Structures are given as structure tokens and as C-alpha cells.
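Read the figures in this text as sums done on the coordinates, not as results from a lab. What you see is a predicted model, and the numbers here were worked out from it, not measured in a lab. Cβ: placed from backbone, ideal geometry, glycine included. Neighbour counts: every protein chain shown.
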Amino acid sequence: MKKFRLPVIMVIILTFGLIQQSNAQKQLKGLYLTSNDYLNHKLSYSADADNPSKNIINIHEFIGKKSVTVITNGKKQLISKSEIFGYHDNNHDYRFYNNLAYQIDDTTGFYIYSHEKLASQMPGKGPRPTKVSYFSKKIDGEILSLTSENIAMAFPKNAKFRYMVEVAAKSDIKLDAYDNGSDEYKIKELYTESLK
């Protein structure tokens, strides 16, 4: 009888653990109305996996609409993307800028974003989505393409960082390359090094 209890207890513990883990992994979707809401992880109009019909949020990213549709208790509301900081969906945060959604990829020191654009491939092949990297110096700052020229313009007082980025760009090191060993973007490594 004692031999039977241990496996049963183990099964109960594992089952309870999996239930807790699946509850923790439920996807939330919601809007960040301001940059402070984003910094404090405060979602408005949030919809969760348990009750997706409570609040329905449609970002309209693929059709390029300038507003977000929110349906709360059957009432439809349009909110201009220019009045919203961004949104959270599928464990990712996004920021609206000029009516486009940019995924927030890194926030250490300055902000790195990505956005998918259609880019043409080899002749005879159609365009396909390509990830393009951007940055902003502040959370609510202008979003610029991640280029050595834009870095130089955004960080005029950090000469060491500007020179390191310029050398990296001339050495064909991609500024948006990710270093799995240090678990950060190469450009963030340069930025950290420039502050020493």
C-alpha cells in the first residue's frame, strides 16, 4: 500500500504544477495608453485567455488602419493609434509610432525595436517580410533606423560610443546582431563598453 501512495502523490504534485504553469502562461492582450503605463506594466482594455469575449482588441496592423478597435461589453470604440503608447500581445510589447507598431526588443540604456517590412528578394521572387531594426534614445523619443549615422546623431555627447559604432559598421558587424553568449545585442555591448 505504501508503494502505491508515492506514485499517486507524485502524479498529483506534477498535475498541480502543470495546472499552475499553464495558468501563469495565459496570454494577456491589452493597450498601454501612456509610456508610464508601459513602464508600470499597466494594461487598459485587457483581455485574457479565460474570457476573450470580455474585451476584444483589434490592432488592424496588416491593413494599416490608423485606429484600434476595442469592443467592451458589446460596445465598439475606435481609439486613434496616435493617442495610444502601444500594446501587449503574445508576451511581446509594441509601441505605436506614426501609426505603425514596433516590437520593443530591448530597453537597456536605450530602446531597440523591430518592425517587419516587405522587401524584394532575388529577381523573379516576390517580396517577403524582413525584420528591420530601429531605436529610440528615450521611451517616447523619435524612432529611427538603427544605422551608425542615426546613432551618431542621437548620441552626440558620447564620442566613444559613436566611434565604436562607426568602426563596427565599417567592419561589417551588423548593429542589430544578437550575441547569444552575452545575451544582448552587439550594439548594447558597445554602449555598455562606452560608458566605462
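Taking other C-beta atoms within 10 angstrom as a stand-in for reagent exposure, Val165, Val132, Val68 fall in the order Val132, Val68, Val165, fewest first. Potential lengthening of the chain between Leu100 and Lys174 amounts to 24.3 nm, from the contour at 0.36 nm per residue minus the alpha-carbon distance. Residue exposure proxy: Glu189, Glu149, ordered by other Cβ atoms within 10 angstrom of their Cβ from fewest to most, comes out as Glu149, Glu189.
Could you work out the local net charge near Thr108, counting Lys and Arg as +1, Asp and Glu as -1, over the other residues with Cβ closer than 12 Å to its Cβ? Summing Lys and Arg as +1 and Asp and Glu as -1 gives -4. Considering only the Cα atoms of the range 31-156, their convex hull presents on average a projected area of 9.8 nm². The amide H of Ser46, built 1.01 Å from its N in the peptide plane, has Leu31 as neighbours under 5 Å, considering only residues 5 or more places off or on other chains.
For the range 100-143, the Cα-based Rg and Dmax, in that order, read 13.4, 42 Å. Residue ranges 69-76, 137-144 sort as 137-144, 69-76 when ordered by packing (mean number of other C-beta atoms within 10 Å per residue, highest first). Exposure proxy for Ile84, Ile112: other Cβ atoms within 10 Å of each Cβ, ordered fewest to most, give Ile84, Ile112.
Within the range 97-189, the percentage of alpha carbon pairs spaced more than 24 angstrom apart rounds to 25%. Each residue of the range 83-90 was assigned a 3J(HN,Hα) from its phi angle through the Karplus expression (A = 6.51, B = -1.76, C = 1.60, θ = phi - 60°), giving 9, 10, 5, x, 8, 10, 7, 6 Hz with x at Gly and Pro.
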